[in-house]
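Data block below; observations after.
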Amino acid sequence: MPFLSDKHIMNKTPILIALGGNALILPEDKGYIEEQFIHTSACMKPIAELISRGMTVIITHGNGPIVGNILLRNECAKNFIPPMPLYICVADSQGGIGSMMAESLNNELKRIGINKTVSAVITHILVDNNDPAFQNPTKPIGPYYSDSDAEFYMRMGWSMKKIPERGWRRLVPSPKPKKILELEAVKALLKQNIIPIASGGGGIPVIEENGITRGVDAVIDKDLSASLLARDLSLKRFFILTDVDGVYLNWGSADRKKVNALTIKDAEKYLAEGHFPPGSMGPKIEAAIEFLKSGGQEVIITKPEDLIAAMDGKRGTQIVKSA
Ligand code: ADP
Ligand code: MG
């Protein structure tokens, strides 16, 4: 008789929950912290419910709109204080979002009578200096710039791209995550029954030269970092919460169609057919495939408010190894 059934292991191993940055600031928001707390608390509610059902969770999050605002603040204040490099802005966003999430989840848990510590880990992720992404920056980031500002920054070495009607935007590399430097800290928290928040904003990207690490101005996709974290911890379940209720085929066209379940094979086929664009749904699907190919059993992509229903197969999109 097997010591532990697959189902038992599924129920006992922690679940990694990745929350999209777009769920924290909505397009119609002004950006006030009160707005962000409202959205964060709403996202923490179903997570608290999972915990109340006896499940262990690890949380990771995106930072897109938040780091965008930090960069804009850099730009507006540049004549008074030196602008901070992007990797420090990512670190700042991990601190701010981590604080807001830890407090919101704690309060949600207290409301339902659970006393648990939630702790955000400032997380650095090693990337390869030879990653081809460094030769070809593709990720637009920060504010829009005028022609003259763009000319100045390009002379300073930035890659920039002109977007019609709006202005210039900085492009940064998006290298693949190689190694989570604070993995042992996350494990230690789990061992102590503490809920970790880790790898926020995809992690602070660092490269290693002669045994010394240093931050680099790049952005690691948070879904790919989350997948690495889930694999490093040998997790079975990985839930991706975003601002859309699941995965669609023909997204953006009138005949778009939601898919309730996908196997790795389906996902790979649709990815190759171009249903999942880079920078949004593409990395989520890639993250899911990588996770399932290295021991993961289930990925769910859904909206935060549908999390519980999605676990029961009633909402969202479930991705599994095979049918
Ligand atoms: P997050 O902050 O959660 O990472 P993203 O904007 O990166 O959010 O990804 C979610 C977005 O992906 C959705 O809001 C949707 O506009 C877009 N998207 C692109 N292709 C698809 C697809 N095939 N199915 C569903 N959403 C898609
Ligand atoms: Mg994203």
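The values are calculated or read from the model by the stated rules, or taken from the named source; none is laboratory data. Note that the structure is a prediction, hence the values are computed from the model and not measured. Ideal geometry is used to build each Cβ from the backbone, glycine not excepted, and the neighbour counts take in all protein chains shown. These accessible areas exclude ligands, DNA and RNA; they are computed on the full protein's heavy atoms, side chains included. Shrake-Rupley method; radii C 1.70, N 1.55, O 1.52, S 1.80 Å.
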Next on the checklist: Just to confirm, what accessible area per residue do you get for the chain at 1.4 Å probe, in whole Å²?
Outcome noted: 50 Å²
Checklist entry - Say we join alpha carbon atoms closer than 10 Å with springs in a Gaussian network model of the chain; which of I240, I70, I81 then has the biggest fluctuation? => result I81
Checklist entry - How big is the convex hull of the Cα atoms of the range 114-188, per residue, in Å³? => result 152 Å³
Checklist entry - Can you list residues whose amide H is under 5 Å from Y145's amide H, if they're 5+ apart or on another chain and H is modeled 1.01 Å from N? => result W168, R169
Item to check | Where labels lie 7 Å past Cα in the beta-carbon direction, separation of I112 and M154 in nm | outcome: 5.3 nm
Checklist entry - Which of the aspartates and glutamates could a cross-linker bridge to K187, judged by Cα under 14 Å and excluding same-chain residues fewer than eight apart? => result D232
Checklist entry - Counting only protein heavy atoms, what percent of the accessible surface of the chain is carbon or sulfur at a 1.4 Å probe? => result 52 percent
Checklist entry - For K162 and K12 in one chain, what is 0.36 nm times their gap in residues minus the Cα-Cα distance, to one decimal in nm? => result 49.0 nm
Checklist outcome for this item: With -39,500 (n - 2.57) per DSSP H segment of 4 or more residues and division by the full residue count of the chain, the 222 nm estimate, nearest 500 deg cm²/dmol, is -12000 deg cm²/dmol
Next on the checklist: What are the ³J(HN,Hα) couplings of the range 211-221, residue after residue, when phi is run through the Karplus curve with 6.51, -1.76, 1.60 and θ = phi - 60°? Round to Hz, x for glycine and proline.
Outcome noted: x, 10, 9, 8, x, 10, 7, 8, 10, 8, 5
Checklist entry - Highest mean first, what order results for 262-271, 201-210, 56-65 on Cβ atoms within 10 Å? => result 56-65, 201-210, 262-271
Checklist outcome for this item: Interchain or sequence-distant (5+) residues whose placed amide H lies within less than 5 Å of the amide H of K179 are L126
Next on the checklist: Counting each pair of different Cα atoms once, what's the Kirkwood radius of the chain in Å, rounded to one decimal?
Outcome noted: 20.4 Å
Checklist entry - At q = 0.21 Å⁻¹, what base-10 log of I(q)/I(0) does the Debye formula yield for the range 192-289 when every alpha carbon is treated as an equal point scatterer in vacuo? => result -1.15
Next on the checklist: For a quick check: with amide H placed at 1.01 Å from N, whose amide H comes under 5 Å from M160's, ignoring anything fewer than 5 positions away on the same chain?
Outcome noted: L171
Checklist entry - Under the Karplus relation 6.51 cos²θ - 1.76 cosθ + 1.60, θ = phi - 60°, what is the ordered set of whole-Hz ³J(HN,Hα) values for the range 228-235, x standing for Gly and Pro? => result 5, 4, 4, 6, 4, 9, 6, 6
Item to check | Helix 33-52 axis, angle to the chain major axis (alpha carbon atoms, nearest 10°) | outcome: 20 degrees
Item to check | Partners for K321 among lysines (Cα-Cα distance below 17 Å; same-chain residues under 8 apart left out) | outcome: K7, K236, K265, K269, K284, K293
Next on the checklist: At R0 = 45 Å, how high is the FRET efficiency between I38 and N130 if r is their beta carbon distance? Nearest 0.05 is fine.
Outcome noted: 0.55
Checklist entry - GNM, the chain, Cα, under 10 Å: largest mean-square fluctuation among S280, S225, S148? => result S148
Item to check | Share of Cα-Cα pairs in the range 240-312 lying beyond 17 Å, as whole percent | outcome: 42 percent
